[in-house]
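Let me begin by presenting the structure, written as structure tokens, before commenting on it.
What follows is calculated from the coordinates using simple rules that are stated; it is not laboratory data. Here the structure is a predicted model, which is why all the values come from computation and not from measurement. Quick reminder, even Gly has a Cβ in these numbers, built from the backbone with ideal geometry, and neighbours come from all protein chains shown.
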Amino acid sequence: MKILKPIVTCFILLNSISMSSQYASEGAGGLLDLERHQVTFNFLGPGIRYELGLFRNLSASTSLSPAFGYYQSGYTFGFAWHTRVRYYHNFKQRKDLGNTVTGNSANYIGPATTFFWDPLQIANNLDADKGFSLAFYGAVYGLQRTNKQGFNINIELGYGYYDGFGVPSGHGALLNFTLGWVATKRKSTDPIKVPLDN
């Protein structure tokens, strides 16, 4: 369980950063860059993701989509349920370079959980009982991009502890890739015009 200590530390750090910057970052107009609600339908391996904007740079998401888990006992690939807390760290840098941040188009880091179930797996080489389940607890680094038409790409790589039921436990990597379309209305990509007093 030594792996849980850095994961908990990462979660506490991200939470304290977001809470300390909440009042300075939201302002009177609410969330500045982050979408308040975002629903994405995945094309590769049907699936869905819902992301809720909490503060300026922090969101929570849940999704059902394919993922690849690789750890000490082998690998599994198939549908999984994901939950994430995403801290987006480069909205300002992207805007300074003239890139869009609409549709939460930025890079993020955060704590993550992913749950795999035997009936939803496409392929694996695990020495597992029938009906096994596997839970990933760790951290991920990812990037998300959404274009003007709403097409969305999300890729993330993580590392953490795999807790197995009917399969050995261990630690290892997680890869998650989705290609989809954002069904909810996105913030305008046009620059905000501020009236100047004469």
Exercise for the section: Name the aspartates and glutamates eligible as straight-distance cross-link partners of LYS187: C-alpha to C-alpha under 14 Å, and not fewer than 8 places from it in the same chain. Expected result: ASP33, GLU35
Practice task
Taking every Cα atom in the range 106-147, find the radius of gyration and the maximum pairwise distance Dmax, and write them in Å.
Solution key: 14.3, 43
Practice task
Order by neighbour count: ASP129, ASP118, ASP163, fewest other Cβ atoms within 10 Å first, most last.
Solution key: ASP129, ASP163, ASP118
Fill in the blank from the handout: In nanometres, the difference between 0.36 nm per residue of separation and the alpha-carbon distance of ARG36 and LEU97 is 19.6 nm
Handout entry: Approximate spin-label separation ILE48-ASP127, in nm, with each point projected 7 Å along Cα-to-Cβ
Key = 4.0 nm
Fill in the blank from the handout: the range 64-162: spread of alpha-carbon positions along the three principal axes, whole Å, largest first, is 52, 26, 17
Problem - For the range 70-186: lysine pairs under 22 Å (alpha-carbon distance), excluding those fewer than 8 apart on one chain - result: 5
Exercise for the section: Express in nm, to one decimal, how much length is gained between HIS89 and THR62 on full extension, taking 0.36 nm for each residue of separation and deducting their alpha carbon distance. Expected result: 7.8 nm
Exercise for the section: Find the centroid of the Cα atoms in the range 63-103 and in the range 136-174, then give the distance between the two in whole Å. Expected result: 6 Å
